Amino acid sequence: MPAHFSRTVRKLRLRHFEVLALLAHERTVRGVARRMALTQPAVSKMLREIEECFDTQLFVRSPSGLEPTAAGVRLVRHATVLMNELRAAGEETDAIAGGAVATLRVGTLSVMSRVPVAIARLRGTMPWVVVRVLEAKVVDLVAGLRDGALDCIVGAMPPEMLRSADVDALDLEPLAPDRLCVVAAPRHRRAGATALRWRDVAGEPWVLPPRESLLRRALIDACLRAGLEPPEPAVELLSPVSLGALLRLDPTLLGVSRLGEALDAQRDGALRILRVTPAAPLPPIALITRRAAPPSEALPAFRAALRARPRARRSVSGVRD
């Protein structure tokens, strides 16, 4: 048995790991002490005990607080995962005591309509499952999955994140291809066009998500490839609900959407997809899980629900989903 493991079992308590996990956010002994309702000397003593147990320096002082060494970074990450998995175990135990058979923690984007469809299918096979959904930015979701706060993510990984160290600890299962769709109210002057180029729409007033979003970046790339100046938004917002409402209220505006959400809106008659070419691809929608994580009992059924193909229906413009 490794010496570090033996010393850890004998000397360290869960509160030591709680200190490490909190240091990832607080960066100061004072902040950790406040969060744990302890004195600063008590927290400092626990940090010394941790370093003695692992026989190495884990933190150095800097003007901004305590900075972890290379060993400290790894230990803080392990402590964070441990605390999150203990929290998840407690929540799952409470849920089971209340009659649930399993829990599932899903991270996703607010624009991902595939997730509620899959949850409804999951509940058809596991009606007593408890599902907790966190909607956030992909970078925050990946950190939550890495640290054990989530069981899975349904979303798309930006290309730059595929080159990060976190990806080595994750499994990505592609679910469906995706692309950028230009959407408009049925009364928009371009709504009846059978074929459009980017030069035909670039000069229109737009409702766009923030510049760092995948959709906005895909639109910028499409315009640049066409030799056009990317449009600046007349209105900038993120919510697909607000986008749809605004386009219907002001039919002079254009917007952008993911393919799945655009097809849903078109099927309901709320919006129209403009046929703009060439296509602007997006990273595929994927189910992302952590390789070393103990799987949720509900995850296989949720995976199957995500992969189930809906019956194709022809929309008003002839686009099939």
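Looking at (1) within 21 Å of the chain's Cα centre (by Cα); (2) surrounded by fewer than 18 Cβ atoms within 10 Å (Cβ to Cβ), which is the only condition Gln57 fails?
The one condition Gln57 does not meet is (1).
Which one of these is farther than 15 Å from Arg77 by Cα and either in contact with a strand residue (DSSP E or B) (Cβ under 8 Å, 6 or more places away or on another chain) or charged (D, E, K, R) (or both): Pro127, Pro159?
Values: Pro127 fails: either in contact with a strand residue (DSSP E or B) (Cβ under 8 Å, 6 or more places away or on another chain) or charged (D, E, K, R) (or both).
Result of the check over Pro127, Pro159: Pro159.
Touching a residue at least 24 places away in the same chain (Cβ under 8 Å) and surrounded by fewer than 18 Cβ atoms within 10 Å (Cβ to Cβ): is that true of Ser44 in this structure? Lay out the reasoning, then the answer.
Values: touching a residue at least 24 places away in the same chain (Cβ under 8 Å): no; surrounded by fewer than 18 Cβ atoms within 10 Å (Cβ to Cβ): yes.
The answer is no for Ser44.
Output the helices (runs of 4 or more DSSP H) that fall wholly within region 195-301 and possess 3 or more residues being within 30 Å of Asp171 (Cβ to Cβ), or say none. Full working, then the answer.
On the way: elements: 198-201, 214-225, 240-249, 259-267.
Answer list for region 195-301: 214-225, 259-267.
Checking the condition modelled with pLDDT under 90 and over 27 Å from the mean Cα position of the chain (by Cα), which residue from Arg248, Arg290, Arg309, Arg313 passes? Lay out the reasoning, then the answer.
Numbers: Arg248 fails: modelled with pLDDT under 90; Arg290 fails: over 27 Å from the mean Cα position of the chain (by Cα); Arg309 fails: over 27 Å from the mean Cα position of the chain (by Cα).
Answer to the selection: Arg313.
Within region 33-54, track down each residue that is touching a Leu at 6+ places or on another chain (Cβ under 8 Å) and either closer than 21 Å to Lys11 by Cβ or not in a helix (DSSP H, G or I) (or both).
Pass one, region 33-54, residues touching a Leu at 6+ places or on another chain (Cβ under 8 Å): 35-36, 47, 49-51, 53-54.
Correct list: Met36, Leu47, Glu49, Ile50, Glu51, Cys53, Phe54.
(1) of a type in the set (Val, Ile, Thr); (2) surrounded by 15 or more Cβ atoms within 10 Å (Cβ to Cβ); (3) out of contact with any strand residue (DSSP E or B) (no Cβ under 7 Å at 6 or more places or on another chain): which one isn't true of Val201, the others all being true?
(3)
Looking at region 248-269, which of its residues are farther than 21 Å from Leu109 by Cα and surrounded by 20 or more Cβ atoms within 10 Å (Cβ to Cβ)?
Hits for region 248-269 are Leu253, Leu254.
Any chance you could count how many residues in region 213-234 are of a type in the set (A, V, I, L, M) and within 12 Å of Val201 (Cα to Cα)? I'd like the intermediate steps shown before the answer.
Going through region 213-234, the residues of a type in the set (A, V, I, L, M) turn out to be 214-215, 218-220, 222, 224, 226, 228, 234.
If we keep only those that are within 12 Å of Val201 (Cα to Cα) too, we end up with 219, 222, 226, 228.
Count: 4.
The values are calculated or read from the model by the stated rules, or taken from the named source; none is laboratory data. Fair warning: this is a prediction, and the values are worked out from it, not measured in the lab. A quick note on method: Cβ atoms are made from the backbone with ideal geometry, for glycine too, and the neighbour counts reach across all protein chains shown.
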